[in-house]
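Written out below as structure tokens is the structure these notes cover.
FYI, it's all coordinate maths here, none of it is from the lab. Note that the structure is a prediction, hence the values are computed from the model and not measured. Here Cβ is always computed from backbone atoms with ideal geometry, including for glycine, and neighbour counts include all displayed protein chains.
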Amino acid sequence: MKRIFLLFLCACIHLLNGSEYRYQLAIGAIFRDEAPYLKEWIEFHKLVGVEHFYLYNNFSTDDYESVLQPYIDVGEVELIQWPYTSSSWEHWLYEIQAGAYTNCLSLARGKAKWLAIIDIDEFLTPLSGDYVPDILKDYEAFGGVGFNWKLFGHSGLLDLAPNKLMIESLVRTAAHDRSTHLGIKSIVRPERVKDCHHPHYVSYADGFYHVNSNKEPSINSQGVTNGVYYDRLAINHYWSRTGNYLYKKLKRWHVLAPHVIPEQWPTYVESMNVLLDHSMDRFVLPLRKKMGYPID
């Protein structure tokens, strides 16, 4: 009953505000065994204006349900079980992930004005202002907008210290001109999208297309743009998280991509720990409060 009442109240507020959408901004993401990181990721995105989360579980064996249940109870998270196995890296990208996001687009149409298609290790980080929906107002004429990756390394940490946020602990990134930073993640208008073929790009309905941060339609079919733009918003991508997490990640990757050798993991992150980056500093205090961590 409590959840039904909260959903009804939320709908009434949006009607009173004259909005045709239940959510101005939602996120769709697929995850596996990421329970230790889910709460920080959700609470951060709530701080920057995300109102709803469509989360697809792919065979997690950790305690993700206990982390997500409070958000499910108040209607902020929709948990979808996605029990599909992958036979190769390409199958994981083009079938399992893309299939989840195509399904997510169908759930979000008519409910979310904007849908961000990102991963649990990616953070929508506003650089001009505090709220992502305010930034997106400049892109309403388009089908979607792609913002560039910013890859973070492990900052020399094997694990996070107790009561420390990931965003305050991992503060080193790759050089901004690194070629992988040309990659983007998409924030789209669901009703203007036909389907998703790859986690980095979608297929648009007739008359609509994708632009980069500079409003240029220069994003290719692999989700790569013509330049790195960190003017409006960056996708802070904590690809390696901590050193110990990275080792487990590469070990899992090795099953689908044999050329990724876990024992050589330092070589994969050496170039991701080049620059100090404090773009998250202003979010640390409010996020620590949301997480219930001590405030010094």
Checklist outcome for this item: Under the rule rounded for a/c under 1.5, else prolate if a/b exceeds b/c, else oblate, using alpha carbon gyration tensor axes a ≥ b ≥ c, the stretch 24-95 is classed as prolate
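Quick one: work out the % antiparallel among DSSP beta bridges in the stretch 23-291, nearest 5. Walk me through the intermediate numbers first.
On the way: 22 of 44 bridges.
Expressed as a percentage, antiparallel bridges in the stretch 23-291 total about 50.
About the Cα centre of the stretch 23-291, what is the dipole size in debye to 20, counting +1 per Lys and Arg Cβ and -1 per Asp and Glu Cβ, all else neutral? Spell out each step's value before the answer.
Working: 26 positive and 32 negative charges, 43 e Å.
Using only the charged Cβ atoms, the result is roughly 200 debye.
What is the fewest-to-most order of V50, V211 by other Cβ atoms lying within 10 Å of their Cβ? Walk me through the intermediate numbers first.
On the way: V50 23, V211 18.
Ordered by Cβ neighbours within 10 Å, fewest first: V211, V50.
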Checklist outcome for this item: For I27, other-chain or 5+-apart residues with amide H closer than 5 Å (H placed, Pro excluded) are H52, F53, Y54, A116
Item to check | Cβ-based charge dipole, the chain, positive-most Cα from Y84, V193, P162 | outcome: V193
Item to check | Overall form of the chain per C-alpha gyration tensor (a/c, 1.5; a/b vs b/c) | outcome: rounded
Checklist outcome for this item: Counting sequence-distant residues (5 or more places) and residues on other chains, those with an amide H built under 5 Å from that of Y293 are none
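For an R0 of 22 angstrom, estimate the FRET efficiency from the Cβ-Cβ distance between E95 and R32 and round to the nearest 0.05. Before the final figure, lay out the partial values.
Details: r = 15 Å, r/R0 = 0.70.
With R0 = 22 Å, the Cβ-Cβ based efficiency is 0.90.
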Checklist entry - Where in the chain are the DSSP H helices whose alpha-carbon span along the long axis reaches 18 Å or more and whose Kyte-Doolittle mean is at least 1.0? => result 2-16
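Efficiency by 1/(1 + (r/R0)^6): what FRET value for I72 and R109, r their Cβ-Cβ distance, R0 = 22 Å, to the nearest 0.05? Walk me through the intermediate numbers first.
Working: r = 21 Å, r/R0 = 0.97.
Between I72 and R109 the formula returns 0.55.
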Item to check | Candidates V274, V202, V74, ranked by Gaussian network fluctuation over the chain, Cα under 10 Å, top entry | outcome: V74
Checklist outcome for this item: With Cα springs under 10 Å, the Gaussian network model of the chain assigns the largest mean-square fluctuation among N103, N148, N236 to N103
Checklist entry - Which whole-number percent of Cα pairs in the stretch 113-184 have a distance greater than 20 Å? => result 43
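For D195 and F59 in one chain, what is 0.36 nm times their gap in residues minus the Cα-Cα distance, to one decimal in nm? Each step should come with its number before you reach the end.
Numbers: separation 136, 0.36 × 136 = 48.96 nm, distance 2.37 nm.
So the extension gain works out to 46.6 nm.
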